[in-house]
Amino acid sequence: MRCYVLTISDTRTEENDTGGRLLRDLLVGKGHDVVGYAIVPDEPATLRAAIERQLDAVEVQAVITTGGTGISRRDGTYEVVSGLIEKRIDGFGELFRALSFEEIGPAAMLSRACAGTARGTIVISLPGSQNAVRLGMTKLVIPELGHLVREVTR
């Protein structure tokens, strides 16, 4: 599958974006193509424009974001992504939080990881930590990515 990776952060750079790097490495390691990558600040208008550019790109089948899914004042990824989603995949967030609960306990409720479809493209939003990226990608995204893309293009 052809994926675009977006890291949402006010502080990350290519040098210290460990979550974004891990996400890309996991995709490539399982035979998927990373057709692009960017780091964008946690500013709603900037993030929305960055995602919309990829939704309009013919070569992108899935947009996967990392970061900005918490509840701090600056965390706005959930609002932007859910505003773009046309069909929600509610089970993704539910399963992510259940799996996360097994690892970190009740703090898992703070995650607003989500997924859905927009303009015929899969959109997946993960937290920014390496552990969250590894969990979401290995347990949920990678095993189902091909199936998700096939379904949304039918």
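Coordinate-derived values only; no laboratory data. Everything quoted here is computed from the prediction, not taken from an experiment. A quick note on method: Cβ atoms are made from the backbone with ideal geometry, for glycine too, and the neighbour counts reach across all protein chains shown.
Think of it as helices only: each DSSP H run of n ≥ 4 in the chain is worth -39500 (n - 2.57), and spread over all residues that comes to -12500 deg cm²/dmol at 222 nm. When both region 65-91 and region 1-50 are represented by their alpha-carbon centers, they are found 15 Å apart.
Evaluate E = 1/(1 + (r/R0)^6) for A107 and V58, where r is the Cβ-Cβ distance and R0 equals 30 Å; express this FRET efficiency to the nearest 0.05. Working shown, then result.
Numbers: r = 40 Å, r/R0 = 1.32.
Calculated transfer efficiency: 0.15.
Stick to Cα atoms and the Kirkwood definition of Rh, then tell me Rg/Rh for the chain.
Working: Rg = 13.9 Å, Rh = 15.1 Å.
Rg divided by Rh gives 0.92.
Sequentially through region 95-102, phi angles give Karplus couplings (6.51, -1.76, 1.60; θ = phi - 60°) of 5, 4, 5, 5, 5, 5, 4, 4 Hz, Gly and Pro residues having no value and appearing as x. Taking chymotrypsin sites (Phe, Trp or Tyr not before Pro) across region 72-154, none is in a DSSP loop with at most 12 further Cβ atoms lying within 10 angstrom of its Cβ.
E151 to S82: FRET efficiency via 1/(1 + (r/R0)^6), r the Cβ-Cβ distance, R0 22 Å, to the nearest 0.05? Walk me through the numbers on the way to the answer.
Numbers: r = 20 Å, r/R0 = 0.89.
So the FRET efficiency works out to roughly 0.65.
If R0 equals 25 Å, the separation of the Cβ atoms of K139 and R74 corresponds to a calculated FRET efficiency of about 0.35.
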